[in-house]
Amino acid sequence: MNTLGQLEFPTPDFSHLIRADFDVIYEPAEDTFLLLDALESERQGLKKVSPLICLEVGSGSGVVSSFLATLLPHTCALFTTDINPVASSKTAATGNQNKVILNAVVGDLVYPFFHRLKENIDILIFNPPYVVTPPEEVGSNSIEASWAGGDNGRVVMDRLFPLVNDMLSDEGVFYLVVIKENNPEEIQTMMKSQGFDMQTLLTRRSGPELLSVLKFARSSDKL
């Protein structure tokens, strides 16, 4: 597990969030910090892409997008979605706490921006509900919805995969957090059929979970 302050770029300040907030939104945890590490490792490559538009799906506390804002030029606009109105509000608040602007919207996956940002997203990020759970826990009105992934932990993320090609710019990249039970090899095959190559950036064990951050970019022969 990464601990606060180990990154060259510090973990965003989320001290404005109180214990009760984490009864309704996802609290930054091992998967969050692994994703921050992965994004920091990509910093030089991301700067070369000169991203103008970034979108985080399922922003939760807003820590990831606030961190991304510190890595990128100020010319990059950062958008977030979360189906939970409280999470969307807290995301905006975390941006304010860290003096960055996060355009936080309540909505499902990329749909609030589907027409507006189609083929224009340079960085797409999703730390999805990936835990294998009973199907009825997926999309509930409780905190379980932030981690409940149903069968294979893939119910929510499988809904996003067909939309990635439509949303990304030509040089756009997609970062995804998964666990072993999500069958990353199957995800790789699925995304390959859409013209994307997959790279495993980081892998780390957290208790019983083997977490990984995957990166998808268009195959060179598709550009």
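The values are calculated or read from the model by the stated rules, or taken from the named source; none is laboratory data. Everything quoted here is computed from the prediction, not taken from an experiment. Reconstructed Cβ throughout: ideal geometry from the backbone, glycine too, with neighbour counts over all protein chains shown. Calculation scope for accessible area: heavy atoms of the full protein, side chains included, ligands and nucleic acids excluded. Shrake-Rupley method; radii C 1.70, N 1.55, O 1.52, S 1.80 Å.
Net charge within 13 Å of Leu117 by Cβ-Cβ distance, Lys/Arg positive one each and Asp/Glu negative one each, not counting Leu117 itself?
Overall, the nearby charge balance is -2.
Would you be so kind as to identify all helices of the chain, as entire DSSP H runs, whose Cα atoms reach 30 Å or more along the helix's own axis and whose mean Kyte-Doolittle hydropathy is at least 0.0?
Length and hydropathy pass: none found.
Treating only the Cβ atoms of Lys and Arg (+1) and Asp and Glu (-1) as charged, compute the dipole magnitude of region 5-119 about its Cα centre; round to the nearest 20 debye.
For this selection, approximately 520 debye.
Give me Rg/Rg_expected for region 3-79, where Rg uses Cα atoms only and Rg_expected = 2.2 N^0.38 Å with N residues.
Ratio of Cα Rg to 2.2 N^0.38 Å: 1.12.
Putting +1 on Lys and Arg Cβ atoms and -1 on Asp and Glu Cβ atoms, find which of Phe161, Leu211, Val177 reaches farthest to the positive end of the dipole of region 158-221.
Leu211
If you place +1 on the Cβ of every Lys and Arg and -1 on the Cβ of every Asp and Glu, how big does the dipole about the Cα centre of the chain come out, in debye to the nearest 20?
560
Over all directions, what mean area does the Cα convex hull of the chain project, stated in square nanometres?
With the hull built on Cα positions only, its mean projection is 11.1 nm².
Using 18 Å as the Cα-Cα cut-off, could you pick out the over-long pairs in Lys47/Lys118; Lys180/Lys215; Lys90/Lys215; Lys47/Lys215?
Among Lys47/Lys118; Lys180/Lys215; Lys90/Lys215; Lys47/Lys215, the Cα-Cα distance tops 18 Å for Lys47/Lys118; Lys90/Lys215.
Given the options Gly45, Gly195, Gly139, which has the most mean-square fluctuation in a GNM of the chain, springs set between C-alpha atoms less than 10 angstrom apart?
The residue with the greatest mean-square fluctuation here is Gly45.
For region 65-223, give the share of DSSP beta bridges that are antiparallel, in percent and rounded to the nearest 5; count only bridges with both residues there.
Counting DSSP beta bridges with both partners in region 65-223, the antiparallel share is about 60 percent.
Hey, can you find the accessible area per residue of the chain for me, probe 1.4 Å, expressed in square angstrom?
46
Any idea which of Gln199, Leu109, Thr75 is furthest toward the positive side of the dipole for the chain, if Lys and Arg beta-carbons carry +1 and Asp and Glu beta-carbons -1?
Thr75
Taking all protein chains as present, what is the carbon and sulfur share of the accessible area of the chain, in % to the nearest whole number, probe 1.4 Å?
51
Counting Lys +1, Arg +1, Asp -1, Glu -1, what net charge surrounds Arg205 among other residues with beta carbon under 15 Å of its beta carbon?
Net of charged neighbours comes to -3.
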